[in-house]
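Below you'll find the structure, written out as structure tokens, and then a few comments.
Bear in mind these aren't lab numbers, they're just calculated from the coordinates by the rules spelled out. The model shown is predicted, which means the values in this text are computed figures rather than measured ones. Backbone-built Cβ (ideal geometry, glycine too); neighbour counts: all protein chains shown.
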Amino acid sequence: MRVYLHTFGCKANQYDTETVRQALEDGGATVVDQWGEADVAVVNSCTVTHVAEAKMRGLVRRMARERRDIRTVVMGCAAALDDGSIARLPGVAGVVGGGDPVAVLKVLDIPAPAAGSPLRAFARGGRGWLKIQDGCDEHCTFCATTLARGDSRSRLPATVVEEARALSQNHAELVLTGVHIGSYGADLEGESLGTLVERLVVEVPEVRFRLSSVEATEVDDRLADLLLDAPEHLAPHLHAPLQSGSDRVLKRMGRHWYTAARYQDRIEWLAARAPAFGLGADVMVGFPGETGADHRATLEVVQSLPFTYLHVFPYSERPGTVGGRLGVPVEPRIAAQRSAELRETGLAKGAAYRAGRDGQYADIVITGRSHGRYQGLTEDYLEIELETEAPVERRFEAELRTANGRIMAEVSGTRCQVSGRMAEPLAPGP
Ligand code: SF4
């Protein structure tokens, strides 16, 4: 059986698709890159925005139009919230909520592999995602993910360590991912995200770990120490969702666990102690009822903190959430103006940070290769490109020279001119 895989959404979804890929291949199927060559398609869906869901439906229809005999399985978050309309799309043979590979293989009549076999590798790229938990116990009023993925549940530390060991054979960097990783261990005795990371850096020392999206106020002192004192093991980089700098809006969003001031305090404390520190945030614009004063409060918080990139996105009403009933919708024209202002601020801060890295050293992990160029990522989340034919290690140290956006790296004894720019922001959502 030839299977085409397509993933929409966040790293948790991408991880789930890789577990399906491994189960399919272990079950004797062949994964192909084009749906034109496939007998079956597995589409992992996202529900964070209506755009993500519309794209999924568009792809399913197009595949059925171009390959009349294709059988499609739709899995993931939109599938979990399906009202029957996904099941009625052309070519759909099954709708599987969430990311369970066994359930997907069952629809395709492929025997499931032995339960609990760790994920060994990601098909693409020098980095791998390591899912440590799923679900969320919070109920932000704009979020459908928590509805789709259910309550927070942590994987056992021993299982996570075993998988990290397996993945470390193929990846120099592993990104700890999930839906609400800051709540890791809340359902386990004596465990937390800090205790898990501590164990990972001791038991899998050859890998650089990186945190995916984590709430600023959920970075406890144990985790902070690792971020600040062991950058070779835990990348000094935080993607901490802010969403809004207005406490009035945060309350209406249901984000009760922090205020703008608490967020600022935690981030300032961390950033002040790290020589190089990548700092990003999700910022939502246009939440119903958002006023000019709320927007200015958000802008002030963003201007006050050492962000190196920002991910700004407009509020998107989601089925089953209450956000839409909490205030007057913000006019799209005004939301677009506010988004542009925040994005410009983020880009200016990123450029200033990059210039400030001039003459410093970076710990670079190779993340990929295309058109004869290597792509790499520094510990503080700067994406770089290596213009060299020389073979490079999967991880090495480079000296940064950031004159007009270019970076010089010492690679294998040769000085290589490389272009430097900020890494792509993390995918929307957790
Ligand atoms: S936005 Fe994040 S914290 Fe809030 S409910 Fe969704 S997954 Fe949970």
*Among all the lysines, which ones have a C-alpha under 18 Å from Lys131's C-alpha, if same-chain residues fewer than 8 places away are not counted?*
Lys11
_At R0 = 25 Å, FRET efficiency that the Cβ-Cβ distance of Trp257 and Val102 yields, to 0.05_ = 0.15
*Using a 10 angstrom cutoff on alpha carbons, build the Gaussian network for the chain and name the most mobile of His311, His171, His139.*
His139
*Neighbour count of at most 11 Cβ within 10 Å plus DSSP loop: longest trypsin sites (Lys or Arg not before Pro)-free window in the chain*: 125-430
*Enumerate the amide H contacts of Glu379 below 5 Å, restricted to partners 5 or more residues apart or on another chain; note that Pro and chain-start residues carry no placed amide H.*
Asp363
_If you take every residue apart from Ala29 with its C-beta less than 15 Å away from the C-beta of Ala29, what net charge results, scoring Lys and Arg +1 and Asp and Glu -1?_
-3
_segment 2-107 pair-distance distribution - Cα-Cα, 10 Å bins, rounded %_ = 16, 55, 28, 1
*Can you give me the span-like helices of the chain, meaning DSSP H runs with 20 Å or more of Cα extent along the axis and Kyte-Doolittle mean at or above -1.0?*
50-66, 332-356
*Using only the Cα atoms of the chain, each taken as one equal point scatterer with no solvent, compute I(q) by the Debye sum, divide by I(0), and report log10 of the ratio at q = 0.09, 0.11 Å⁻¹.*
-0.59, -0.90
_Could you compute the net charge surrounding Leu59? Neighbours are other residues with a C-beta less than 13 Å from the C-beta of Leu59; K and R count +1, D and E count -1._
+4
*For the chain, with the dipole built from +1 on Lys and Arg beta-carbon atoms and -1 on Asp and Glu ones, taken about the Cα centre, which of Cys10, Ala148, Phe287 lies farthest toward the positive end?*
Phe287
*In a shell of Cβ-Cβ distance under 9 Å around Leu176, excluding Leu176 itself, what net charge do Lys and Arg (+1) and Asp and Glu (-1) give?*
+2
*asked:* Taking amide H atoms as placed 1.01 Å from N in the peptide plane, list the residues 5 or more away in sequence, or in a different chain, whose amide H sits under 5 Å from that of Arg2.
replied: Thr30, Asp39, Val40
_Net charge dipole size for segment 84-198 [Lys, Arg +1 and Asp, Glu -1 on Cβ; Debye, nearest 20]_ = 580 debye
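By its C-alpha gyration tensor, with a ≥ b ≥ c as the square roots of the eigenvalues, how is segment 138-278 shaped: rounded for a/c under 1.5, else prolate for a/b larger than b/c, else oblate?
oblate
Give, rounded to the nearest 20 debye, the magnitude of the charge dipole that the chain has about its Cα centre when Lys and Arg contribute +1 at Cβ and Asp and Glu contribute -1 at Cβ. It would help to have the intermediate numbers written out before the result.
Working: 49 positive and 58 negative charges, 288 e Å.
The dipole of the chain has a size of about 1380 debye.
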*Write down the percent of antiparallel bridges among all DSSP beta bridges whose residues are both part of the chain, to the nearest 5.*
45 percent
*Once a ≥ b ≥ c are taken as the square roots of the eigenvalues of the Cα gyration tensor of segment 92-175, is the result rounded (a/c under 1.5), prolate (a/b larger than b/c) or oblate (a/b not larger than b/c)?*
oblate
